[in-house]
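What follows is one structure encoded as structure tokens, with my remarks underneath.
The values are calculated or read from the model by the stated rules, or taken from the named source; none is laboratory data. Predicted model, so just to flag it, every value in this text is computed and none were measured. All Cβ positions, glycine included, derive from the backbone under ideal geometry; neighbour counts span all protein chains shown.
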Amino acid sequence: MNTTNDKAARQPKPLTELTLLNRFLFNEVMEQPENLRVLLEIILGKEILLKYLPETERETRTSPIHRFIKLDVWAMDEEDTVYNAEVQQKNTQNLPKRSRYYQGMIDSKLLKPGVVDFNELNDIFIIIITPFDLFGQAAICTHFRCSVRKYQSFICRMGQQEFL
């Protein structure tokens, strides 16, 4: 075992060498509401008015014995739309399913106990910022929405959208 390389790999980089793909720097920058608002407006192409201060490293779990998630940045706007912004440096080949899991965990916290009308679920945007094109199509932004295969122009209004 080469402990010299292990130690070098764990050494923190100087701040001047970090980019927004570094989780620490991303979280520090996005804690400022104005920074997150501008990022969301650029990606989504619409005006965003945040209702609360953004939360970084927000932990969400359904029970103490089950897997939890740690959201890089969580925010809610004046229309109660929820935003989850993540950075992912490497292509782990699991981003669509990770996104699905995160959405389910976030949704599980949005309805109060006893509420049976799922129409009360908040709209949600999951944004994963990466330095790579997930599908190898030279796309700088991939936008996912639910559609019906038979009727391609029909978009399901499920209240969730994902951007990679």
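Does residue 36 satisfy the criteria of being hydrophobic (A, V, I, L, M, F, W, C), within 19 Å of residue 122 (Cβ to Cβ), in contact with a Pro (Cβ under 7 Å, 6 or more places away or on another chain) and part of a helix (DSSP H, G or I)? Judged against the criteria, residue 36 is a match. The number of residues in the stretch 103-136 being within 14 Å of residue 72 (Cβ to Cβ), at pLDDT below 90 and part of a helix (DSSP H, G or I) comes to 1.
The single residue among 152, 161 that is at pLDDT below 70, within 20 Å of residue 71 (Cβ to Cβ) and of a type in the set (S, T, N, Q) turns out to be 161. Report whether or not residue 25 is surrounded by 13 or more Cβ atoms within 10 Å (Cβ to Cβ), over 21 Å from residue 144 (Cβ atoms) and touching a Ser or Thr at 6+ places or on another chain (Cβ under 8 Å). Judged against the criteria, residue 25 is a match.
Checking 79, 59, 41, 47 one by one, the residue that is surrounded by fewer than 16 Cβ atoms within 10 Å (Cβ to Cβ), out of contact with any Cys (no Cβ under 9 Å at 6 or more places or on another chain), charged (D, E, K, R) and assigned to a strand (DSSP E or B) is 59 and no other. Taking the stretch 14-35 as the range and being touching a strand residue (DSSP E or B) at 6+ places or on another chain (Cβ under 6 Å) and among the hydrophobic types (A, V, I, L, M, F, W, C) as the test, the residues that pass are 21, 26, 30.
Screening 55, 28, 86, 34 for residues that are without any contact (Cβ under 8 Å) to a residue 40 or more places away in the chain, under 14 Å from the mean Cα position of the chain (by Cα) and at negative phi leaves exactly one candidate, 55.
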